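Just so you know, all these numbers are worked out from the coordinates, no wet-lab data involved. Predicted model, so just to flag it, every value in this text is computed and none were measured. Counting neighbours? That spans all protein chains shown, and the Cβs are built from the backbone with ideal geometry, glycine included.
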Amino acid sequence: MTGTGATAGTEATTRTGTATDGTAPNGTAARAPVRGAGRWIEHWDPEDETFWRDHGRRTARRNLVLSIVCEHIGFSVWSLWSVLVLFLGPEYGIDAAGKFFLVAVPTLVGAVLRVPYTFAVARFGGRNWTVFSAALLLVPTAAAAYALRPGTSYTVFLLVAALAGIGGGNFASSMTNINSFYPLRKKGWALGLNAGGGNIGVPVVQLLGLLVIATAGAAHPRLVLAVYLPLIVAAAVLAALFMDNLRPVRNDTGAARDAARDPHTWIVSLLYVGTFGSFIGYSFAFGLVLQTQFARTPLQAASLTFLGPLLGSLVRPVGGRLADRYGGARVTLATFAAMALATGVVIVASARHSLDVFLAGFVVLFVLSGLGNGSTYKMIPGIFQAKALAKGLTGEAAAAHGRRLSGAAMGLTGAVGALGGLGVNLAFRQSFQAGGTGTPAFVAFLGCYALCSAVTWAVYLRRTAATVAVRDPEAAAPALAEV
C-alpha cells in the first residue's frame, strides 16, 4: 500500500516510475509531490523490510513523536474538567452530582467527535488534520479561562465543559494516522507509544492542578489554563513544519464504511469499552470519588488523583509489546480477569471505607486498564490481517487490506471506548446520588469485566469460534496468532 506526505529527498517517491530508494529509473532523485499547503509522500511500503530500514523507520518515528505531542495536549484539554472541578468550592454552588455531570459531558462530546476525526485523516491528510485539530484546542482552553468565576451559571459551565470534548477527538485521528506508518510487526509497540504518550496528558494536567492548588491555592484555576495556551500553539506549529500526509489514505473513502460493516469492529469496541472506558472514566472521576466518599480536601484529592492515570499511561506501550509477543487476545483476556479481581478488592474497601486498600485496588485497576488498552488496540490490525488472508490475499495486498480497514476501525473503536468513560461517570453520579457511596457502581463495573472476558475468549481464543469468525481457518491461522 502506498502512503503518506512528501518529505525530502529519499523519503518520497512518485506513484509511478520511481525506485524504492526515492530515485527515478534514470538515477535522478524523485521530486517530492506537493498537494496544496501539505507535504505528501506517494510511496509507502513499511512491510518491505529494506524500505523500512533504509527510509521508512526514520519518517515514521518523526511523525510518531509529533503525533504524541499533539495527542498529549489533546488529552490534557479533554481532561481539564477533572481538575477544574476540584477548584469549584462552595461559592460556585455546585453539588457532587453536578460535578460528576460536568466531568461526564466532555467524555460524551469527545467520544462522538472521534468518529468524524477518524474520517478527517482520509479527507484532509494526517499532517493537515493534526495541525488543525491541535490549533482548535485553543477554543475550549480560552473558554474555560473566561467562565471560571463564581456566579457563572451551571448551564454556561456545561457548555464550556462540552467544548473540552474537542480534545478527545484527537486520539482517533492520531491513531488512524500512525497506524498507516508502521508495519504489522511493529504496530503494537508504536500504537502503544502513541496512545500512552497521549494518555499521559491526563496525569500531567492533574499534576499541574496539584501544583497550582499547593502553591497559589484553589482560587486560581486560570493558572492551569495559562500554561496550556502557548503549548497548544507550539504543538500546532511543530506539526505543520515536520509531519507528513499519506496520499493513499486520503484517497481511500470507503474504508470507514467497510470497517463499520464488519462485526469485529464492534466486538473489539466492546472490549475497548472495558479497557479504555475504565481508564478515562476513572481518570476523570477519581478525584471526585476521593472528595465525596472519603472527604478529602481539594489538595488531598489532587495529590492522589494523578497516580493511577500516570501508571496506566506508562504501561500502555507495555501492553502493546506484550501483545506483539504473545497475541493481543491472550493479553486482553488475562487483563480482564485481573481487573475483575482488582474490582472485587475495591468493592470490599469501598464498603468498609478503607482508604488505603481502596487506593491500592484503584491504582491496580488503572495499571491493568493501561495494559488492556495496548493489547486491545493491537488486536485490530491482527484481526483484519487475518480476514485479508481468509479472502485469499497474500503479501503486500493482504497487508494493504489490513492497514486500510484497521485504520478506520481504530477510530470507530476509540469512539465507542470513550463512551465507556461516560458510562463510568454516570454510574458514579447515580451511585452517589442514590446512596452516597460508589460501591454499586463498582459492582456494575465488575459485571462489565466478566462480560468482556467471556467475549474475548469466545470470539478470539476458542478455536472453533475463531475459525468461524474468519471463515477460512487454514488461510487465517498465521495471522490469528497475532490477534
| request: Please identify the helices of the chain, taking whole runs of DSSP H, that span at least 20 Å along their own axis as judged from the Cα atoms and have a mean Kyte-Doolittle score of 1.6 or higher. | output: 201-215, 222-242
| said: Need one word for the chain: rounded, prolate or oblate. Basis is the Cα gyration tensor (sqrt eigenvalues a ≥ b ≥ c); a/c below 1.5 gives rounded, then a/b vs b/c decides. | reply: oblate
| request: Report, by chain and number, residues whose modeled amide H sits under 5 Å from the one on Ile41, excluding near sequence neighbours (fewer than 5 apart, same chain). | output: Thr4, Gly5, Ala6, Asn245, Arg247
| note | So, relative contact order of the chain in percent, Cα under 8 Å, 6 or more apart, is 21 percent
| Calculated [θ] (222 nm, deg cm²/dmol) that DSSP helices of n ≥ 4 give over the chain, each run adding -39,500 (n - 2.57) | -25000 deg cm²/dmol
| If you place +1 on the Cβ of every Lys and Arg, -1 on the Cβ of every Asp and Glu, and leave all else neutral, what size is the dipole of the chain about its Cα centre, to the nearest 20 Debye? | 200 debye
| request: When a/c is below 1.5 the answer is rounded, else prolate if a/b is larger than b/c, else oblate, so apply that to the stretch 355-423 with a ≥ b ≥ c taken from the square roots of the Cα gyration tensor eigenvalues. | output: prolate
| query | Rounded if a/c is under 1.5, else prolate if a/b is larger than b/c, else oblate: which is the stretch 102-192, with a ≥ b ≥ c the root eigenvalues of its Cα gyration tensor? | reply | prolate
